[in-house]
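Student: Please read through the structure below; I'll follow up with questions.
Just so it is clear, none of the values below were taken in a lab; they were calculated from the coordinates. Remember, predicted model here, so these are calculated numbers, not experimental data. We place every Cβ from the backbone using ideal geometry, glycine too, and count neighbours over all the protein chains shown.
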Amino acid sequence: MYDQVKFLLDNKLTLVLFNDDGYPMKLKNIYDPPAGLFIKGNIIDYANTLAIVGSRKATNYGLTVAYKFSRDISRYGIKIISGLAKGIDTAAHLGCLDADGVTIGVLGNGFKFIYPISNKEVINRIAIKGAVLTEFLPDEKPFPQNFPRRNRIISGLADFVLVVEATDRSGSLITARLALEQGKDVFAVPGNIFSINSVGTNNLIKDGAKLVSNIEDILSEYGISLKNNLYFGYNELELTIINILKIGAITIEELLERIDMEVNEVLKTIGKLECNGIIRRTFGNYITLND
């Protein structure tokens with residue numbers, strides 16, 4: 001027991017039990033909720049969440065879709081949930097991270113055995129603003145039977161589930177089924193009819209999953225209309241600045257430190273946003289979003 005506690009402290013992990021305040025309310029309503037969660041990162045508000053899942057052996061098409069959908073959707077304040085597996089999961093996490101969004105990773109093992117090991121740096125990036133969590137004790141290895149159990153947490157935390165690529169026996173179809181059992185809607189991206197990675201997603205659409213071909217198909221389910229959205233039409237740098245300022249006012253110097261681009265380009269963009277009335281300067285060289 002001492003070794004377990006020491007490991008939690010050394011790795012800055014938090015244990016949240018079922019009756020604790022930080023336990024996600026959404027998980028209390030699913031079948032067989034976890035008794036507790038080990039969390040690396042932050043205690044998250046799980047409002048406005050989307051799970052993006054799919055094949056580990058994804059095609060370039062699938063990886064591109066997962067990354068781009070996650071990146072673009074997270075810019076509208078949607079938190080991205082996935083399972084930290086290779087392929088679609090990792091692409092989804094990276095898309096959200098590169099948009100400076102909040103993403104949640106759910107492990108099928110304990111924190112002593114990061115799997116896949118190639119995602120160790122991704123986990124560290126997620127933990128800065130988001131959270132990585134698992135119900136398994138730190139010394140639990142990534143046994144195959146753990147991942148279907150993990151999937152009920154992914155679907156349980158999400159408002160909706162998007163399946164990007166899946167074979168006819170993909171584990172992501174388990175996540176989709178669990179979501180339906182939990183009363184959640186499932187989305188699927190159509191794929192090449194000759195690709196084995198599209199069999200599962202195309203069958204989901206046949207069975208009633210919502211076909212999605214652009215982010216508007218998903219954002220509309222959250223009540224977000226791009227036509228009426230204040231920030232529709234702004235470029236990537238402009239949206240990056242806007243999303244940073246959504247958290248609160250910061251100085252121009254702090255903003256420049258957070259954005260890895262030429263200083264002159266960032267300053268020019270700040271000026272444009274200020275002229276358009278999106279942001280304003282306040283006392284002490286701070287900038288903030290206009291109400």
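Student: By its C-alpha gyration tensor, with a ≥ b ≥ c as the square roots of the eigenvalues, how is the chain shaped: rounded for a/c under 1.5, else prolate for a/b larger than b/c, else oblate?
Tutor: It is oblate, given that a/c is not under 1.5 and a/b is not larger than b/c.
Student: With only Lys, Arg, Asp and Glu charged, each at its Cβ (+1 for the first two, -1 for the last two), find how big the charge dipole of the chain is about the Cα centre; round to the nearest 20 debye. It would help to have the intermediate numbers written out before the result.
Tutor: Details: 32 positive and 33 negative charges, 109 e Å.
With Lys and Arg at +1 and Asp and Glu at -1, about 520 debye.
Student: Shifting gears a bit: Which shape class applies to the stretch 1-130: rounded if a/c is under 1.5, otherwise prolate when a/b exceeds b/c and oblate if not, where a ≥ b ≥ c are the square roots of the Cα gyration tensor eigenvalues? Walk me through the numbers on the way to the answer.
Tutor: Working: a/c = 1.86, a/b = 1.45, b/c = 1.28.
In terms of gyration-tensor shape, prolate.
Student: Also: List the lysines whose Cα sits under 29 Å from the Cα of residue 12, skipping any in the same chain fewer than 8 residues away.
Tutor: 26, 28, 40, 79, 86, 112, 120, 129, 141, 246
Student: Give, rounded to the nearest 20 debye, the magnitude of the charge dipole that the stretch 1-49 has about its Cα centre when Lys and Arg contribute +1 at Cβ and Asp and Glu contribute -1 at Cβ. All intermediate terms of the calculation are to be shown ahead of the outcome.
Tutor: Values: 5 positive and 6 negative charges, 18 e Å.
That gives a dipole near 80 debye.
Student: With +1 on the Cβ of every Lys and Arg and -1 on the Cβ of every Asp and Glu, and nothing else charged, how large is the dipole of the stretch 143-291 about its Cα centre, in debye rounded to the nearest 20? The partial results should precede the final answer.
Tutor: On the way: 15 positive and 19 negative charges, 105 e Å.
So the magnitude is around 500 debye.
Student: Related question: Pop a pseudo-label 7 angstrom from the Cα along the beta-carbon direction at both residue 286 and residue 31 and give the gap in nm to one decimal.
Tutor: 5.0 nm
Student: According to a simple spin-label model (label point 7 Å from Cα along Cα-to-Cβ), what is the distance in nm between residue 276 and residue 12?
Tutor: 3.5 nm
Student: Test of the criteria: in the stretch 243-291, which GluC sites (Glu not before Pro) are in a DSSP loop and have at most 16 other Cβ atoms within 10 angstrom of their Cβ? Walk me through the numbers before you get to the answer.
Tutor: Values: sites: 253, 254, 257, 262, 265, 274; in loops: 262.
Listed in order of number, the matching sites are 262.
Student: A follow-up question, please. Once you list every other residue whose beta carbon is under 9 Å from the beta carbon of residue 51, what net charge do they have if Lys and Arg are +1 and Asp and Glu are -1?
Tutor: 0
Student: With unit charges on the beta carbons (Lys and Arg positive, Asp and Glu negative) and the dipole taken about the Cα centre of the stretch 1-106, which residue among 5, 43, 65 sits farthest to the positive side?
Tutor: Value: 65.
Student: Then there's this: At a Cα cut-off below 19 Å, give the aspartates and glutamates reachable from residue 57, other chains included and same-chain residues fewer than 8 away excluded.
Tutor: List returned: 89, 165, 168.
Student: Kindly provide the helix-only [θ] at 222 nm of the chain, computed as the sum of -39,500 (n - 2.57) over DSSP H runs of four or more divided by all residues, to the nearest 500 deg cm²/dmol?
Tutor: Working: 12 runs with 117 residues, N = 291.
Theoretical 222 nm ellipticity from helices: -11500 deg cm²/dmol.
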